[in-house]
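Undergrad: One structure is given below, represented as structure tokens, and several questions about it will come after.
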Amino acid sequence: MVSFDLGDLRFDGQIEIEGAGDDPFSGPGDSGSLIVNAERRGIGLLFAGGDQGGTNGKGLTYANPLRAVLDALEVDLVF
């Protein structure tokens, strides 16, 4: 669940991320950012974050899986 002004919304099949150490993973204005894995491959598109939750208490970030975004837009990445 992600809390917005209009209420709590549920998003299925999304990626939930929390920051490491004492830092949040994302901040205000980060929506739309590409999220990469340890191999620097794109895995998601950031769409929401908050300052509550997570094991470090600094908040959770949510991303749409990149493959789902590309499929919905009917596009492929060219290398």
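The values are calculated or read from the model by the stated rules, or taken from the named source; none is laboratory data. Source: prediction; values computed, not measured. Every residue, glycine as well, gets a Cβ built from its backbone with ideal geometry; the counts of neighbours run over all protein chains shown. Areas reflect the complete protein model, heavy atoms only, side chains present, ligands, DNA and RNA absent. Shrake-Rupley method; radii C 1.70, N 1.55, O 1.52, S 1.80 Å.
Undergrad: Looking only at the range 35-54, count every residue that is assigned to a loop (DSSP other than H, G, I, E, B) and either over 13 Å from Glu18 (Cβ atoms) or open to solvent by 50 Å² or more (accessible area, probe 1.4 Å) (or both) and tell me the total.
TA: 7
Undergrad: Please find, within the range 21-79, the residue that is farthest from Phe4 (Cα to Cα) out of those that are of a type in the set (Val, Ile, Thr) and touching a residue at least 12 places away in the same chain (Cβ under 8 Å).
TA: Filtering the range 21-79 for residues of a type in the set (Val, Ile, Thr) gives 35-36, 43, 55, 61, 69, 75, 78.
Next, from what is left, pick out any that are touching a residue at least 12 places away in the same chain (Cβ under 8 Å): 35, 43, 55, 61, 69.
Working: Ile35: 22, Ile43: 24, Thr55: 21, Thr61: 14, Val69: 22 Å.
So, considering only residues that are of a type in the set (Val, Ile, Thr) and touching a residue at least 12 places away in the same chain (Cβ under 8 Å), the one farthest from Phe4 (Cα to Cα) is Ile43.
Undergrad: Out of Gly32, Gly57, Gly21, I need the residue that is surrounded by fewer than 17 Cβ atoms within 10 Å (Cβ to Cβ), touching a strand residue (DSSP E or B) at 6+ places or on another chain (Cβ under 7 Å) and assigned to a loop (DSSP other than H, G, I, E, B). Which one?
TA: Exactly one of Gly32, Gly57, Gly21 is surrounded by fewer than 17 Cβ atoms within 10 Å (Cβ to Cβ), touching a strand residue (DSSP E or B) at 6+ places or on another chain (Cβ under 7 Å) and assigned to a loop (DSSP other than H, G, I, E, B), namely Gly32.
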